[in-house]
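Engineer: Here it is, the structure in full.
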Amino acid sequence: MARVLSGIQPSGDLHLGNYFGAVRNWVSDQERTDAFFCVVDLHALTQSLDPEDLRRQSLDLACVLLAAGIDPEKCTLFLQSHVPSHQQLAWILECSATFGELKRMTQFKDKAGDQEAVRVGLFTYPVLMAADILLYDANEVPVGDDQRQHLELTREIANRFNNRYGQTFVVPTATIPKVGARVMDLQHPERKMSKSVNSPLGTIGILDKPVEIEKKIKKAVTDNDGIVSFDVEAKPGLANLLTLFGACLGEDPEEISKRYERYGDLKKDVAEALIESLRPLQERYQTFSADIPEVLRILHHGALKAREVAEVTYQRAADAVGLVSEA
Ligand code: TRP
């Protein structure tokens with residue numbers, strides 16, 4: 001059975017892009033693979049977050065994932081910081097990765113920008129990510145397009161390590177989800193829906209209330225030629241609405257477009273489909289967030305399962321590089 005690992009940062013409320021592009025695929029991955037899903041709280045430390053916000057957001061994300069259908073009976077859900085091997089392996093891998101390699105990471109360049117005080121953790125972020133993946137002998141890593149380069153680096157580090165020290169790590173492949181919809185900003189349909197860009201009307205949170213969803217869909221940017229058709233290049237706003245609709249119904253957006261003549265009718269039905277798709281998740285979210293002790297128990301159980309796998313791999317890597325194992 002394939003082993004899957006993926007991670008998600010607790011850096012704010014999840015939106016439809018995260019949901020249709022990632023989380024919903026995880027829910028199907030857990031049916032077919034041995035899946036590990038990790039809330040990467042250590043990665044979130046690379047941003048300046050208030051400690052209480054980090055704590056709250058980490059637990060909140062766990063609630064959302066559980067509400068979305070991540071099932072602790074079918075996969076392993078845990079917090080990265082609960083498994084110390086991630087940090088331990090990251091150091092060993094830092095001693096394999098090179099400065100030049102990390103300097104070329106486009107995400108680092110974007111995030112560091114011209115900041116005066118760039119955190120070292122932001123620089124070594126991709127090595128910690130490599131540790132997340134390699135610890136679980138993952139062969140599939142479902143990630144968005146923006147993480148492709150980090151995955152390439154992970155493969156590079158794994159191969160180099162295996163060549164230098166002998167076969168230790170499984171070399172993973174990125175699986176960019178087939179059915180994953182690429183969700184664009186509702187106000188700027190030429191760019192991805194993103195939590196890091198301030199676009200409150202362009203972003204629908206998966207916990208948004210029905211009235212907010214209606215409002216945002218109603219105000220979504222389209223065009224004014226008045227013809228409903230699925231054309232990502234010429235009609236990106238409309239295509240985005242059709243993509244969302246398709247993701248809700250599990251139908252081809254182009255087929256859906258044939259059933260509509262007026263933008264207003266389409267928008268009304270898109271809003272309704274989104275509200276209905278999110279309703280069960282939002283209800284379950286209420287249940288989980290009202291019982292944090294239960295969520296903590298689930299995460300503890302996940303951490304126990306994750307540690308069992310991760311510690312074995314860490315030991316293999318520590319032995320390979322010549323660290324003396326404890327008597
Ligand atoms: N860097 C990823 C992102 O921002 C999150 C992440 C951390 C991750 N560790 C991972 C994703 C391991 C996949 C596998 O989306």
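The values are calculated or read from the model by the stated rules, or taken from the named source; none is laboratory data. Computed from a predicted structure; not experimentally measured. Neighbour counts run over all protein chains shown; Cβ positions are idealised from the backbone, glycine included. In case anyone asks, the SASA skips ligands and DNA or RNA and just uses the protein heavy atoms, side chains included. Shrake-Rupley method; radii C 1.70, N 1.55, O 1.52, S 1.80 Å.
Engineer: GNM on the chain, C-alpha springs below 10 Å: top fluctuator among 265, 13, 53?
Structural biologist: Highest fluctuation of the listed residues: 265.
Engineer: In Å and whole numbers, how far do the C-alpha atoms of the range 82-233 stretch along each principal axis, longest first?
Structural biologist: 62, 38, 32
Engineer: Between beta-carbons, use under 11 Å as the cut-off and find the net charge around residue 89, counting Lys and Arg +1, Asp and Glu -1.
Structural biologist: Result for the neighbourhood of residue 89: -2.
Engineer: Taking the Cα centre as origin and putting +1 on Lys and Arg beta-carbons and -1 on Asp and Glu beta-carbons, what dipole magnitude results for the range 208-284, to the nearest 20 debye?
Structural biologist: Dipole size: approximately 400 debye.
Engineer: Near residue 171, within a Cβ-to-Cβ distance under 13 Å, what is the net charge of the other residues, with Lys and Arg +1 and Asp and Glu -1?
Structural biologist: Result for the local shell: -1.
Engineer: Starting from the range 79-122, pick out the trypsin sites (Lys or Arg not before Pro) whose DSSP state is loop and whose Cβ has at most 12 other Cβ atoms within 10 Å.
Structural biologist: Listed in order of number, the matching sites are 104.
Engineer: Pairs 109/219; 195/258; 74/192; 195/268; 74/305; 111/209: which are spaced more than 23 Å apart, C-alpha to C-alpha?
Structural biologist: Distance filter (> 23 Å) returns 109/219; 195/258; 74/192; 195/268; 111/209.
Engineer: For residue 287 and residue 304 in one chain, what is 0.36 nm times their gap in residues minus the Cα-Cα distance, to one decimal in nm?
Structural biologist: 3.7 nm
Engineer: Would you mind estimating how fast the range 52-97 diffuses translationally, via Stokes-Einstein at 20 °C and 1.002 mPa s with the Kirkwood radius over Cα pairs, in µm²/s?
Structural biologist: 170
Engineer: Using Cα-Cα distances under 8 Å and only pairs 6 or more residues apart, what relative contact order does the range 92-224 have, in percent?
Structural biologist: Result for the range 92-224 is 18 percent.
Engineer: For the range 208-284, what does the relative contact order come out to in percent, with C-alpha contacts under 8 Å and a separation of six or more?
Structural biologist: Answer for the range 208-284 is 34 percent.
Engineer: Right, here's the next one. Please list the radius of gyration and Dmax for the chain, considering alpha-carbon atoms only, with Å as the unit.
Structural biologist: Radius of gyration, then largest Cα-Cα span, for the chain: 21.0, 75 Å.
Engineer: Would you mind telling me the share, in percent, of accessible area of the chain contributed by carbon and sulfur at probe 1.4 angstrom?
Structural biologist: 51
Engineer: For the chain, set up a Gaussian network in which alpha carbons nearer than 10 Å are linked by springs, and say which option among 221, 141, 118 fluctuates the most.
Structural biologist: The residue with the greatest mean-square fluctuation here is 118.
Engineer: Next question. Based on the alpha-carbon gyration tensor of the range 208-284 and its eigenvalue square roots a ≥ b ≥ c, which shape applies: rounded if a/c is under 1.5, prolate if not and a/b is larger than b/c, or oblate?
Structural biologist: Prolate, because a/c is 1.5 or more and a/b exceeds b/c.
Engineer: Something else: Rounded to the nearest 500, what is the chain's calculated 222 nm mean residue ellipticity when only DSSP H runs of at least 4 contribute -39500 (n - 2.57) each, over all residues?
Structural biologist: -16500 deg cm²/dmol
Engineer: Among 167, 139, 33, whose Cα lies farthest out toward the positive end of the dipole of the chain, if unit charges sit on the beta carbon of Lys, Arg (+1) and Asp, Glu (-1)?
Structural biologist: The one lying farthest along the dipole's positive direction is 167.
Engineer: If you average the alpha carbon positions of the range 76-94 and of the range 252-324, how far apart do those two centres end up, in angstrom?
Structural biologist: About 20 Å separates the Cα centre of the range 76-94 from the one of the range 252-324.
Engineer: Whose amide H sits under 5 Å from the amide H of residue 175, counting only residues 5 or more places off or on another chain, with H placed in the peptide plane?
Structural biologist: 141, 143
Engineer: If I take every Cα pair under 8 Å that is 6 or more residues apart in the chain, average their sequence separation and divide by the length, what percent do I get for the relative contact order?
Structural biologist: 23
Engineer: Taking only protein heavy atoms and a 1.4 Å probe, what accessible area per residue, in Å², does the chain have with all protein chains in place?
Structural biologist: Accessible area per residue: 49 Å².
Engineer: Heads up, I need the accessible area for residue 155: 1.4 angstrom probe, whole protein in place, Å², nearest 10.
Structural biologist: Counting only protein heavy atoms, the figure is 70 Å².
Engineer: Further question on the same structure: First select every other residue whose beta carbon is under 11 angstrom from the beta carbon of residue 214; then total the charges, Lys and Arg +1, Asp and Glu -1.
Structural biologist: After counting each charged neighbour, the total is +4.
Engineer: Assigning unit charges at the beta carbon (Lys, Arg +1; Asp, Glu -1) and nothing else, what dipole magnitude in debye, to the nearest 20, does the chain show about its Cα centre?
Structural biologist: Values: 37 positive and 48 negative charges, 55 e Å.
Roughly 260 debye for the chain.
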